[in-house]
Amino acid sequence: MAARDATVDEIAFIHDRDYVDTVRQVAQSGGESWMDPDTYVCRHSYDAAIRAAGGCLAAVDAVLGGEAESAFCLVRPPGHHAISWRAMGFCLFNNVAIAVEHARRRHALRRVAVVDFDVHHGNGTHDAFYLDPDVLYFSTHQSPFYPGSGHWKETGDGEGKGATVNVPLPAGSGDAVFRRIWKDMLTPALRRFGPDMVLVSAGYDGHFADPLASLALSAAGYYEMVAGLRDLARELCRGRLVFSLEGGYDLTALAWSIRNSLEALLDEDRTSDPLGQGNYPPPSGIDELMAAVAKLHGLEDTFASGGEYNTPA
């Protein structure tokens, strides 16, 4: 499907209009400005950002309209750090959060799940829906790491209590840890929530070759993760699944991880990548962390524990 520009009204589902206007004015004036220490606006930044957000909206329309079972939006700038009133972490507008609101307001979906496997916590998406019981936000991310949010005890507030699931992971967690998380935590959490659609903040900066982080995933691991999401979407919401590209800064790792992800969505066998697997030993404390998160969210019955655990800090 073809991308389009998001309108100001659509971006304002999530962002303050004054902030949207500031980004537009800085870009269209021909000036150049740092919106935060990581996020730069130049002449074409606004045009790129509204097209990125609009591409996700077009994908939601196509999937909900029956044109495609699932979609992958190859968009930049990314979005999951952008909060209502400011840019953060290379992100101007929160593409996935805007798409969630579009699905709910324009298509009358009741419950939408967001799965965020970027190496950084998606603080913007987390904040946008922290009080909302009808949006499940499930994030895996390296910790301690930028932006410093996403503690496992942050579970939502008010009516949204329990609808935010943060799984902060130590460096070196790798494919095997994510395989356990998908089986023992994500799968039961999504089944219990019962989404009408699943959106994914797909960041590939968790790859072991990425220069910005050290979560130690491989392209093969991403293939498994995406295949798992594909199967869950087919089980729970007629396959309605939309991915939006977030991080990923080693071009070889990014290209192969995306290729393998698309192969998973298309039910194709994985093409072996030249980077292989990192073969890092699992870090300590994983069992304790997973048991604590499972207990906090009432997932003990499906959590395959191996013994007694202490609660992590």
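Which of the residues that make up segment 169-181 are of a type outside the set (Val, Ile, Thr) and within 20 Å of residue 209 (Cα to Cα)? Reasoning before the result, please.
Kept after step one, since they are of a type outside the set (Val, Ile, Thr), are these residues of segment 169-181: 169-176, 178-180.
169, 170, 171, 172, 173, 174, 175, 176, 178, 179, listed by residue number.
Selection of first residues in segment 262-275 that are under 17 Å from residue 202 (Cα atoms) and of a type outside the set (Phe, Trp, Tyr) and of second residues that are assigned to a loop (DSSP other than H, G, I, E, B) and modelled with pLDDT of 95 or more, restricted to Cβ pairs under 6 Å at least 6 apart or on distinct chains, gives the following pairs, ordered by first then second residue: 263/270. Of the candidates 125, 155, the single residue that is in contact with a helix residue (DSSP H, G or I) (Cβ under 6 Å, 6 or more places away or on another chain) and either part of a strand (DSSP E or B) or over 15 Å from residue 217 (Cβ atoms) (or both) is 125. Across segment 1-24, the number of residues qualifying as of a type outside the set (D, E, K, R) and either in contact with a Leu (Cβ under 8 Å, 6 or more places away or on another chain) or not in a helix (DSSP H, G or I) (or both) comes to 10.
Residue-by-condition table, conditions (1) among the hydroxyl-bearing types (Ser, Thr, Tyr); (2) surrounded by fewer than 24 Cβ atoms within 10 Å (Cβ to Cβ); (3) at pLDDT below 95:
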{"position": "194", "(1), (2), (3)": "no, yes, no"}
{"position": "208", "(1), (2), (3)": "no, yes, no"}
{"position": "211", "(1), (2), (3)": "no, yes, no"}
{"position": "222", "(1), (2), (3)": "yes, no, no"}
{"position": "228", "(1), (2), (3)": "no, yes, no"}
{"position": "233", "(1), (2), (3)": "no, no, no"}
{"position": "241", "(1), (2), (3)": "no, no, no"}
{"position": "246", "(1), (2), (3)": "no, no, no"}
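Checking each residue in segment 73-104 for being closer than 19 Å to residue 242 by Cα, charged (D, E, K, R) and in contact (Cβ under 8 Å) with a residue 40 or more places away in the chain picks out 76, 101.
Of the residues making up segment 127-142, just one is surrounded by fewer than 24 Cβ atoms within 10 Å (Cβ to Cβ) and of a type in the set (A, V, I, L, M), namely 131.
Among the conditions (1) more than 19 Å from the chain's Cα centre (by Cα); (2) not in a helix (DSSP H, G or I), the only one that residue 248 does not satisfy is (1). I want to confirm something. Restricting to segment 200-226 and keeping residues that are hydroxyl-bearing (Ser, Thr, Tyr) and touching a helix residue (DSSP H, G or I) at 6+ places or on another chain (Cβ under 7 Å), which single residue is nearest to residue 78 (Cα to Cα)? Taking the candidates together, the pick is 201. Residues in segment 9-51 that are over 19 Å from residue 85 (Cβ atoms) and aliphatic (A, V, I, L, M): 48 alone. Report yes if residue 49 is within 16 Å of residue 128 (Cβ to Cβ) and in contact with a helix residue (DSSP H, G or I) (Cβ under 9 Å, 6 or more places away or on another chain), otherwise no. No: the conditions fail for residue 49.
One residue alone among 49, 27 is over 28 Å from residue 226 (Cβ atoms), part of a helix (DSSP H, G or I) and either touching a Cys at 6+ places or on another chain (Cβ under 8 Å) or not hydroxyl-bearing (Ser, Thr, Tyr) (or both), and that residue is 27. Before we move on, is residue 47 of a type in the set (Asp, Glu) and surrounded by 24 or more Cβ atoms within 10 Å (Cβ to Cβ)? Answer is no for this residue.
Return yes or no: is residue 54 of a type outside the set (Val, Ile, Thr) and touching a Lys or Arg at 6+ places or on another chain (Cβ under 8 Å)?
On the way: of a type outside the set (Val, Ile, Thr): yes; touching a Lys or Arg at 6+ places or on another chain (Cβ under 8 Å): yes.
Answer is yes for this residue.
Given the conditions (1) farther than 30 Å from residue 153 by Cβ; (2) at pLDDT 95 or above; (3) touching an Asp or Glu at 6+ places or on another chain (Cβ under 9 Å), report the number of the one that residue 261 does not fulfil. Single failed check for residue 261: (3).
What's the total number of residues in segment 62-71 that are surrounded by fewer than 19 Cβ atoms within 10 Å (Cβ to Cβ) and either under 19 Å from the mean Cα position of the chain (by Cα) or part of a loop (DSSP other than H, G, I, E, B) (or both)? Outline the logic, then answer.
Pass one, segment 62-71, residues surrounded by fewer than 19 Cβ atoms within 10 Å (Cβ to Cβ): 62, 65-69.
Pick out the ones that are also either under 19 Å from the mean Cα position of the chain (by Cα) or part of a loop (DSSP other than H, G, I, E, B) (or both) and you get 65-69.
Number satisfying all stated conditions: 5.
Selection of segment 78-120 for residues being surrounded by fewer than 24 Cβ atoms within 10 Å (Cβ to Cβ), among the aliphatic types (A, V, I, L, M) and under 16 Å from residue 203 (Cα atoms) yields only 88. Answer yes if at least one residue in segment 227-244 is in contact with a strand residue (DSSP E or B) (Cβ under 9 Å, 6 or more places away or on another chain), β-branched (Val, Ile, Thr), in a helix (DSSP H, G or I) and within 26 Å of residue 74 (Cα to Cα), and no otherwise. No.
The values are calculated or read from the model by the stated rules, or taken from the named source; none is laboratory data. Everything numeric here is computed off the predicted structure, so don't read it as measured data. A quick note on method: Cβ atoms are made from the backbone with ideal geometry, for glycine too, and the neighbour counts reach across all protein chains shown.
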